[in-house]
Amino acid sequence: MTTTLYLRPAFLLVLLTSAAHGQAWFALNTSPQPGNQWGGLGAMAFAYDAERAECVAFDVRGITAETWTWNGSGWLQRAPAHTPPPRSAAAIAYDPVRRLVVLAAGFGYLGFSYGDTWEWDGTDWADVTPAAGQLPPLHSAAAAYDGNGILLAAGKRQDSFPNTQTYRWDGITWANVTPTGNVPVAVYLPAMTYDGERGRVVLFGGQDSVPNLLDQTWEWDGTSWMQQNPTISPPQRWRAGLSYDAARKRCVLYGGSTNINGNAGLNDTWVWDGAGWTQLPATTAPALIAGQGAYDSVRDEIVVHRTSTNNTTWIFRGEAQVETYGNGCNGLSLNANAPAENSNWVLSATNLDPAFGVGGVLFSAPGGPTPATAFGLAAPGCFVHLLPPPLFTNLFFYTGTTATTAVAIPAGLSGIHLGAQAIGLTTANSAGISLANGVEGTIGL
């Protein structure tokens, strides 16, 4: 027997129909929007401001610097009292501890590079370039938060030699934290992001000084660079985007160019989980060259804006995912499909006690690595795999030893994690309770 519960966001009952599951790219032709009409490298600076739940773009129109913010549905041109000088190929990253967007370096339209540092607080830019401990003039570097500050690596110096140093900004000065031993091949315009789950900065690709395009993957653990050697790797490229998808705990690589002249755009999408690269199925991905992007954690989407040749904002939304964890007791097991928007999340319990005919599935946030003991010695081997308290319970009735229940997932919940665990009655212990393994679903398209 199958029962269906309609999940109620904002406590409203929503009736749903089934839909296809999978990741997808969407083009949004909004107006107004940033429009880079200059920029030798055609690369705007783009970051997600988690404190204010908006993307921040520093761009150049003609030779005028502009600041724009994206709120999930449209662009707003800002009018700060202060602004960095116009530039392209600047490094930018969000500092979640200090809750500021940091912009540094870049290529000026008169042919020189900057070594200054600016911070955006949601309203205005502040020049925070230190008198001592500042960056050398450079451009085409990459920046990302690394758990201790803003890390800056790669790029090209004012003298046209590649930057081989690694720097970290703590809000006061830039410290040279270049380790001894292996460092990434001197590159410029690589793709780089911070993997918050694993505490690693991931760097991919770029162009070296030969010039060659690279397909190398490097990770920074806070003190050292380590080259990774995956069996499969994305094709060599530069001017690509790399964003960390916090809901699915993976880095997403998109776009870039396979040509040292900067054309021949790529429209593939890859994900890095710390162990290897996987190419995602074709989903009408844009051929993005120097498309700057960032992951919007509130809306569970990667926002990418491409300005040099086509003024378009692109959205990438990840697919639904499901995994089981822990063990059940008395043989009770729970499995499920991946929970997608506008579809039913179907959960199946097996090995129920046939002497009864009623059970349920508890729903809450997924539990941590250490499960909680349920009923102690009265129910040996039975553990709770959810974080308390349960959000809701779906009762089911069954005959035999199996039962199926479903939760209807409405639109607008992509990226949310749900935990589920079946509970049944039993004569196998004095508590009269059996608990299944845990199931974690990440809602997607």
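The values are calculated or read from the model by the stated rules, or taken from the named source; none is laboratory data. It should be emphasised that the depicted structure is a prediction, and the values quoted were computed from it without experimental measurement. No Cβ is skipped: glycine too gets one built from the backbone with ideal geometry, and neighbour counts run over all protein chains shown.
Screening the candidates ASP208, ASP170 for the property of being without any contact (Cβ under 8 Å) to a residue 40 or more places away in the chain and either touching a strand residue (DSSP E or B) at 6+ places or on another chain (Cβ under 9 Å) or hydroxyl-bearing (Ser, Thr, Tyr) (or both) yields one hit, ASP170.
In the range 72-92, of all residues being outside any loop (DSSP other than H, G, I, E, B) and touching a residue at least 60 places away in the same chain (Cβ under 8 Å), the one that is surrounded by the most Cβ atoms within 10 Å (Cβ to Cβ) corresponds to ALA91.
Cβ-Cβ contacts under 9 Å between residues 6 or more apart (or on different chains), taken from a first residue in the range 215-244 that is on the phi > 0 side of the Ramachandran plot to a second residue that is of a type in the set (Lys, Arg), are listed as GLY222/ARG200.
Residues checked against (1) at pLDDT below 95; (2) hydrophobic (A, V, I, L, M, F, W, C):
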{"position": "VAL187", "(1), (2)": "yes, yes"}
{"position": "TYR194", "(1), (2)": "no, no"}
{"position": "PHE204", "(1), (2)": "no, yes"}
{"position": "ASP215", "(1), (2)": "no, no"}
{"position": "ARG248", "(1), (2)": "yes, no"}
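Only one entry in VAL298, VAL322, VAL304, VAL271 is within 25 Å of SER88 (Cβ to Cβ) and β-branched (Val, Ile, Thr), namely VAL304.
Every residue in the range 93-118 that is of a type in the set (Ser, Thr, Tyr) and surrounded by fewer than 17 Cβ atoms within 10 Å (Cβ to Cβ), please. The one that is of a type in the set (Ser, Thr, Tyr) and surrounded by fewer than 17 Cβ atoms within 10 Å (Cβ to Cβ): TYR109. In the condition set (1) surrounded by fewer than 19 Cβ atoms within 10 Å (Cβ to Cβ); (2) more than 33 Å from the chain's Cα centre (by Cα), CYS382 is compliant with all but (1). Assess whether GLY412 counts as being touching a Pro at 6+ places or on another chain (Cβ under 7 Å), of a type in the set (Gly, Ala, Ser) and more than 19 Å from ASN335 (Cα to Cα). The answer is yes for GLY412. The C-beta contact set for the range 373-401 (first residue touching a residue at least 40 places away in the same chain (Cβ under 8 Å) and within 15 Å of THR426 (Cβ to Cβ), second residue among the hydroxyl-bearing types (Ser, Thr, Tyr) and surrounded by fewer than 12 Cβ atoms within 10 Å (Cβ to Cβ), distance under 8 angstrom, 6+ apart or interchain) comprises ALA378/SER430; ALA379/SER430.
If the condition is being touching a Gly at 6+ places or on another chain (Cβ under 9 Å) and closer than 30 Å to LEU76 by Cβ, then the range 105-139 contributes ALA105, PHE107, TYR109, SER113, TYR114, ASP116, GLU119, VAL128, THR129, LEU135, HIS139. For residues that are modelled with pLDDT under 95 and farther than 23 Å from TYR194 by Cβ, scanning just the range 137-164, find the one that is surrounded by the most Cβ atoms within 10 Å (Cβ to Cβ). Once the filter is applied, the top-ranked residue is ARG157.
Restricted to the range 278-314, and to residues there that are modelled with pLDDT of 80 or more and part of a loop (DSSP other than H, G, I, E, B), the residue that is surrounded by the most Cβ atoms within 10 Å (Cβ to Cβ) is ASP300. State yes or no: is TYR94 among the aromatic types (Phe, Trp, Tyr), within 30 Å of GLU341 (Cα to Cα) and modelled with pLDDT under 80? So TYR94 does not fit the description; no.
Let's see how each residue does on (1) assigned to a loop (DSSP other than H, G, I, E, B); (2) surrounded by 15 or more Cβ atoms within 10 Å (Cβ to Cβ); (3) of a type in the set (A, V, I, L, M, F, W, C); (4) modelled with pLDDT under 90:
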{"position": "ASN335", "(1), (2), (3), (4)": "no, yes, no, no"}
{"position": "VAL346", "(1), (2), (3), (4)": "no, yes, yes, no"}
{"position": "ALA355", "(1), (2), (3), (4)": "yes, no, yes, no"}
{"position": "PRO369", "(1), (2), (3), (4)": "yes, no, no, yes"}
{"position": "LEU377", "(1), (2), (3), (4)": "no, no, yes, yes"}
{"position": "PRO388", "(1), (2), (3), (4)": "yes, no, no, yes"}
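Residues in the range 46-66 that are at pLDDT below 95 and either more than 17 Å from GLN292 (Cβ to Cβ) or not assigned by TED's automatic domain parsing to the domain that holds HIS305 (or both): 3 in all.
Taken as a whole, the structure places THR393 among residues that are within 14 Å of GLY419 (Cα to Cα) and among the hydroxyl-bearing types (Ser, Thr, Tyr).
Of the strands (runs of 3 or more DSSP E) that lie entirely inside the range 390-445, not one contains 3 or more residues that are outside the structural domain of LEU352 (by TED's automatic domain parsing) and surrounded by fewer than 16 Cβ atoms within 10 Å (Cβ to Cβ). All of (1) surrounded by 13 or more Cβ atoms within 10 Å (Cβ to Cβ); (2) farther than 14 Å from THR166 by Cβ hold for SER224 with one exception: (2).
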